[in-house]
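Quick notes on the structure that follows.
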Ligand SMILES: [Zn+2]
């Protein structure tokens, strides 16, 4: 699963491959048969192609490299990597989601990148997904659900002659990703994300910031993501648990930590916002993008909404998008995300000065 809420993205897979069968039994506690890593890797490689076919990669190379760079930084600190290589990819979906496949394939949507406000939050999310990979949550759930016999063909799962088996397996895998791995696994991955982010020098409290933002999003959109999944920990519970864990870490050690808010916001400047959820989404969305605004002396959310967006009612949207409350005061020089219509225009006009007389 994903850190969050796997609702819509994977419904596509769900219906495509799985119809409405759900054998998921979160209360089952029987031991998990051994799955070799080669099989997990083959599952991941195969499913990765499907993810990319379904969503497409977001077409900003520097943003892809940046997310990968943060992910690899976290992998470097792992005491047991479990897999040799990890892949971090930004998929072109407006859904707020992040998910992992067995074998080290990790994805974030541009939707989730637009929601968060710092590199430290990104590190927490990637760390959470790495936790699912190193704990083999995906493969374990598949085995719990459909039994180990399907995995008897092992890494040959990628062979076209095993297409039928693969179809059953992938549908189950995506179903699990969609539902989450259950309360304990999610809380365990939250802790993993927070600790890995901290080890890499990030403020562990950013994980709490992220979950708070998620909670606010849930309340504003009226979507209660976990309603279909009783074992998925309520976001409130996750906020409390990650809150106390991060405070105890901060109080115990005196290590300097960073959030890298400015760095992060500059990286996502120009990223497209909203719009299509997956490749097959044919709705006619208006183009929008994330712009970065530098707070001026005397600015309030209302004045920025009027001045920059021409609508004072946008003040709350701006505050929420930036993980703030309307009553929060703004500091000159701080950066804020704004959603603007259209596409981002980079500064392509070079200043070409008339050739000066170089002979002098
Ligand atoms: Zn998760």
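Structure data summary
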{"read-out": "Breaking point among (1) over 28 Å from residue 76 (Cα atoms); (2) at pLDDT below 80, for residue 167", "value": "(2)"}
{"read-out": "Residues that are part of a helix (DSSP H, G or I) and free of Cβ contacts under 8 Å to residues at least 60 places away in the same chain, drawn from segment 266-310", "value": "301, 302, 303, 304, 305, 306, 307, 308, 309"}
{"read-out": "Single condition residue 181 does not satisfy, out of (1) in a helix (DSSP H, G or I); (2) crowded, with 22+ Cβ neighbours inside 10 Å; (3) within 11 Å of the ligand (Cβ to nearest atom)", "value": "(1)"}
{"read-out": "Unique match (being modelled with pLDDT of 95 or more and either under 22 Å from the mean Cα position of the chain (by Cα) or within 29 Å of residue 203 (Cβ to Cβ) (or both)) among 265, 309", "value": "265"}
{"read-out": "Test: residue in segment 156-174 that is touching a residue at least 24 places away in the same chain (Cβ under 8 Å) and within 16 Å of the ligand (Cβ to nearest atom)", "value": "yes"}
{"read-out": "Total residues in segment 114-154, condition within 15 Å of the ligand (Cβ to nearest atom) and either surrounded by fewer than 23 Cβ atoms within 10 Å (Cβ to Cβ) or without any contact (Cβ under 8 Å) to a residue 12 or more places away in the chain (or both)", "value": "4"}
{"read-out": "Of the criteria (1) crowded, with 24+ Cβ neighbours inside 10 Å; (2) within 16 Å of the ligand (Cβ to nearest atom); (3) under 21 Å from residue 96 (Cα atoms); (4) at pLDDT 80 or above, which one residue 196 fails", "value": "(3)"}
{"read-out": "Residue list for segment 77-102, filter: touching a residue at least 60 places away in the same chain (Cβ under 8 Å) and either over 13 Å from residue 132 (Cα atoms) or away from the ligand (no atom under 16 Å from the Cβ) (or both)", "value": "77, 78, 92, 93, 94, 95, 96, 97"}
{"read-out": "Residues satisfying the stated conditions in segment 199-229, i.e. modelled with pLDDT of 85 or more and surrounded by fewer than 19 Cβ atoms within 10 Å (Cβ to Cβ)", "value": "199, 201, 212"}
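Here's the yes/no breakdown for (1) over 21 Å from residue 86 (Cα atoms); (2) part of a helix (DSSP H, G or I); (3) over 25 Å from the mean Cα position of the chain (by Cα):
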position	(1), (2), (3)
131	no, yes, no
139	no, yes, no
167	yes, yes, yes
172	yes, yes, no
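The values are calculated or read from the model by the stated rules, or taken from the named source; none is laboratory data. In this text the structure is predicted, and so the values were computed from the model without any measurement. We place every Cβ from the backbone using ideal geometry, glycine too, and count neighbours over all the protein chains shown.
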